[in-house]
Amino acid sequence: MDAPTTTSADNGTSGGGGDWFTPRTKPTATPGNELGTPDGRRPAVIRPVGRQAADSETPADGTAEPPASPTDSASTGVPEREREFPDAIPVPGPMAEPSAPSSPRPEPTTVTPSPEPFASTTAPPAEPRVPPQRPAPVSPPGPAASVPSMETSPDAVLIRRAMAEVTPVADKVTSYFYALLFVRHPDLRSLFPAAMDTQRDRLLRALLTAAEHIDNTDVLVDYLQNLGRGHRKYGTRAEHYPAVGECLIGALSKYAAGVWGEEMEAAWIRTYTTISQIMIDAAAADELRAPAWWYAEVVTHDLRTPDVAVVTVRPDQPYPFLAGQYTSLETPWWPRIWRHYSFAAAPRSDGLLSFHVKAVPAGWVSNALVHRARPGDIVRLGPPAGSMTVDHTTDSGLLCLGGGTGIAPIKALVEDVAEHGERRPVEVFYGARTDHDLYDIDTMLRLQQSHPWLSVRAIIDQLAHQQLPDAVRAYGPWNEYDAYLSGPPGMIRSGVDALRDIGIPSERIRHDSVEELVAAGS
């Protein structure tokens, strides 16, 4: 693929696109509004196209609903929710790539496949495999960490005002956006999955993420760079961004008509131009050092429970990553549908990669990996992402909370500490709904036997009558620890609240849930 273009021509085109428009009012740079690129350069101007004149195939200036994509109604089921992420302004591809912005520390990694905390339909065995847990004194709660306030820019005010207007009609906005995109640019339809159910849900969450962090340059730039790199595997090119911007503004102007105007449109154009350029630059730089995707052969498939499998693959070329990160994975049975999974082990000398996969209801990728994949099958991997990784420059203890298959990246972090020869304390709380759901407890207990600095506690919801985050309060103190959380979104939310309540600063809490970060305002 040709390197993406990062400059605009004098005639208002870029990357080969010649149908862009000049906004009603030419946007002017407002001091303090620009995100800027990481090296301080102003981004090249990428001007999204405005609303086109009506014709027989294109909706007229937001006055008529475009027809829905014919494949939308043919969906065979609700797409799975495994490790989904709100993405920034959408470009062609399933858009489930990035780690998301969080607190000033690095962005979180993935969300585990389980749609509900510790969900299971399997009855617990008669004999528990885990010894009863000893109660510990309750640590006095510490002050909640304060979130630093940031001055709001004029563009951010306008962007958030539009988002507040369209949020109550999110389904209509996203359906209109994609229908508009596919009617005006039918050549882009092939870059998206056949069923658009999940795709539509992601658009608004993506915009909310960007709007929430629009004034936090460092966090948002990291987020967008991950997006740009991750979208390479979908075949996204620089010339696709104007088409997306055109239809995005068309959809927003229709459903935010009550607050829309020339000033707001100019703010969205400035914001989208900068967002696009950061993503384009990141993709161009990444193309010089890494492939867009890796092929990988399934070498082992270990079915631990009726719905949980440990899948190990061998990439076709070296795959560099860090313990605690995640990747996106596509199976041959569902082309163009990617889902995120955390690496279940630290980097190995043999180059093999392992994932813990839980089959979820209507989960296309997860069910294929658990029930259909066999040794010899070939899958595709996207680039590694996320930074729920260990800081080896400090000797702080690690407090790790893993719920369900969220134990996978926690296990990788423990192995990473062990490989570095460190003796810093690592406290692991392994949560599950039933004893049967502790499918990897034997592995964790073996690690505990080999490393005296490691402590593993199993928290079984049905036995303890409390959820994992609540159980952590009974131990501690934890104010000198770096906290790591991985599991279902509900567990992440309650876990972050619990850790803040007992005095762990927000910047020392790392987790894998983008959606919950935005909701918590961190």
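Evaluate the range 239-258: report whether one residue or more is buried (at least 24 other Cβ atoms within 10 Å of the Cβ) and either charged (D, E, K, R) or not in a helix (DSSP H, G or I) (or both).
There is at least one residue in the range 239-258 that is buried (at least 24 other Cβ atoms within 10 Å of the Cβ) and either charged (D, E, K, R) or not in a helix (DSSP H, G or I) (or both).
So in the range 466-508, with the set limited to residues that are within 23 Å of His356 (Cα to Cα) and assigned to a loop (DSSP other than H, G, I, E, B), which one is modelled with the highest pLDDT?
Gly487
Starting from residues that are in a loop (DSSP other than H, G, I, E, B) and open to solvent by 20 Å² or more (accessible area, probe 1.4 Å), keep the ones in the range 356-377 and report whichever is nearest to Tyr295 (Cα to Cα).
Going through the qualifying residues, I end up with Asp377.
Going by what's in this entry, would Trp453 be described as within 28 Å of the chain's Cα centre (by Cα) and over 29 Å from Asp307 (Cβ atoms)?
The answer is no for Trp453.
Only residues that are in contact with a Pro (Cβ under 9 Å, 6 or more places away or on another chain) and closer than 16 Å to Tyr295 by Cα: list them for the range 313-325, please.
Residues satisfying the conditions are Gln317, Tyr319, Pro320, Phe321.
Just to be sure, is Leu463 over 28 Å from the mean Cα position of the chain (by Cα), touching a residue at least 24 places away in the same chain (Cβ under 8 Å) and part of a helix (DSSP H, G or I)?
yes
With the requirement that a residue be touching a strand residue (DSSP E or B) at 6+ places or on another chain (Cβ under 9 Å) and modelled with pLDDT of 95 or more, what does the range 407-424 give you?
Result: Ile407, Ala408, Pro409, Ile410, Lys411, Ala412, Leu413, Val414, Val417, Ala418.
Which numbered condition trips up Ala345, out of (1) within 30 Å of Glu480 (Cα to Cα); (2) of a type outside the set (S, T, N, Q); (3) out of contact with any strand residue (DSSP E or B) (no Cβ under 9 Å at 6 or more places or on another chain)?
Going through (1) within 30 Å of Glu480 (Cα to Cα); (2) of a type outside the set (S, T, N, Q); (3) out of contact with any strand residue (DSSP E or B) (no Cβ under 9 Å at 6 or more places or on another chain) one by one, Ala345 breaks only (3).
Of all residues in the range 309-334, count the ones that are closer than 21 Å to Ser486 by Cβ, part of a strand (DSSP E or B), open to solvent by 10 Å² or more (accessible area, probe 1.4 Å) and of a type outside the set (S, T, N, Q).
1
So which strands (runs of 3 or more DSSP E) stay within the range 378-436 end to end and still have 2 or more residues that are open to solvent by 30 Å² or more (accessible area, probe 1.4 Å) and within 30 Å of Arg289 (Cα to Cα)?
378-381
Report, ordered by the first and then the second residue, all pairs with beta carbons closer than 9 Å, sequence separation of six or more or different chains, a first member in the range 230-244 that is in contact (Cβ under 8 Å) with a residue 24 or more places away in the chain, and a second member that is assigned to a helix (DSSP H, G or I) and aromatic (Phe, Trp, Tyr).
Taking only residues 6 or more apart or on different chains, the pairs are Tyr241/Tyr272; Val244/Phe177; Val244/Tyr272.
Regarding the range 413-428, can at least one residue be identified that is in contact with a Gly (Cβ under 7 Å, 6 or more places away or on another chain) and within 26 Å of Val365 (Cα to Cα)?
Yes, some residue in the range 413-428 is in contact with a Gly (Cβ under 7 Å, 6 or more places away or on another chain) and within 26 Å of Val365 (Cα to Cα).
If we scan the range 301-313, do we find a residue that is touching a Gly at 6+ places or on another chain (Cβ under 9 Å) and charged (D, E, K, R)?
The answer is no, given that none of the residues of the range 301-313 is touching a Gly at 6+ places or on another chain (Cβ under 9 Å) and charged (D, E, K, R).
Kindly evaluate Glu287 against the criterion of being open to solvent by 50 Å² or more (accessible area, probe 1.4 Å) and touching a residue at least 12 places away in the same chain (Cβ under 8 Å).
So Glu287 fails the test.
Being surrounded by fewer than 20 Cβ atoms within 10 Å (Cβ to Cβ), modelled with pLDDT of 95 or more, in contact with an Asp or Glu (Cβ under 6 Å, 6 or more places away or on another chain) and not basic (Lys, Arg) is the requirement here; does Val298 meet it?
yes
The values are calculated or read from the model by the stated rules, or taken from the named source; none is laboratory data. Please read all numbers here as calculations on a predicted model, not as lab measurements. Neighbour counts are summed over all protein chains in view; Cβ atoms, including those assigned to glycine, are modelled from backbone coordinates with ideal geometry. For the accessible areas, the whole protein counts, side chains as well, though only heavy atoms, and no ligand, DNA or RNA atoms are used. Shrake-Rupley method; radii C 1.70, N 1.55, O 1.52, S 1.80 Å.
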